[in-house]
Amino acid sequence: MQKVDLQNEVKNGTVLPLMEEFYTIQGEGFHTGTAAYFIRVGGCDVGCHWCDVKESWDAELHPPTAIEEIVVRASEKAKLAVVTGGEPLTWNMDALTLALKKAGMIVNMETSGAYELSGTWDWICLSPKKTKLPVKSVYDNAHELKVVIYNKHDFIFAEEQAALTNDQAILFLQPEWSKHEEVMPLIVDYVKENPQWRISLQTHKYLDIP
């Protein structure tokens, strides 16, 4: 019975597989440089080969955690919560975002967009992956499109994704960390020729912080 109850709580999003949580500085995208409490939820089947948190993929490795516990710790530290993964939309985000907002927090998400949108968000950063493309509800509601550039073909992918994303989304190109010296000059030239795009850097790696 307890196992069934836990399964129901996970399904409802009142319990989530929590990989880690930490207070740091947002390193990427529009909110770069902002203090934020990161909530990393386990579980992802998108399978991006250059993912730097592959240990997040298997949800069963991470303890089912009541969202009330997460919210208390987050709200004690910060005004801004960033929910990431893994892939947070694997799970129902309604209860977590409602609880964070009731605690007075701004609530942002980083997502591949591979699953239907749930939750109430102040900011959605969509970072699409070729292995499992976003669904329409995320394209339509994204505030920011952040495409990681690993090779020249990714510029084509970026434009394809921009065409599917709503017109209000801010467009970012970000070098994949292991290739940043190689692709950064290409990104600079591309943004100069296509100024609707901006450059995002993983500044937390330069700062040597989580």
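At a glance:
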item	result
Looking only at the stretch 104-113, and only at residues there that are part of a strand (DSSP E or B) and crowded, with 18+ Cβ neighbours inside 10 Å, the one that is farthest from the chain's Cα centre (by Cα)	107
Filter pass, residue 95 being closer than 22 Å to residue 26 by Cβ, of a type outside the set (Lys, Arg) and touching a residue at least 24 places away in the same chain (Cβ under 8 Å)	no
Among residues of the stretch 180-191, those that are under 18 Å from residue 29 (Cα atoms) and either modelled with pLDDT of 95 or more or not in a helix (DSSP H, G or I) (or both), counted	6
Positions within the stretch 95-105 being under 14 Å from residue 84 (Cα atoms) and touching a Phe, Trp or Tyr at 6+ places or on another chain (Cβ under 9 Å), in sequence order	97
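Table: residues versus (1) in contact (Cβ under 8 Å) with a residue 12 or more places away in the chain; (2) closer than 22 Å to residue 25 by Cβ; (3) touching a Leu at 6+ places or on another chain (Cβ under 6 Å); (4) surrounded by 17 or more Cβ atoms within 10 Å (Cβ to Cβ).
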| position | (1), (2), (3), (4) |
| --- | --- |
| 117 | yes, no, no, yes |
| 122 | yes, yes, no, no |
| 127 | yes, yes, no, yes |
| 130 | yes, no, no, no |
| 142 | yes, no, yes, yes |
| 201 | yes, yes, no, yes |
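The values are calculated or read from the model by the stated rules, or taken from the named source; none is laboratory data. Model, not experiment: these values are computed from the prediction. Glycine gets a Cβ as well: all are built from the backbone with ideal geometry, and neighbour counts include every protein chain shown.
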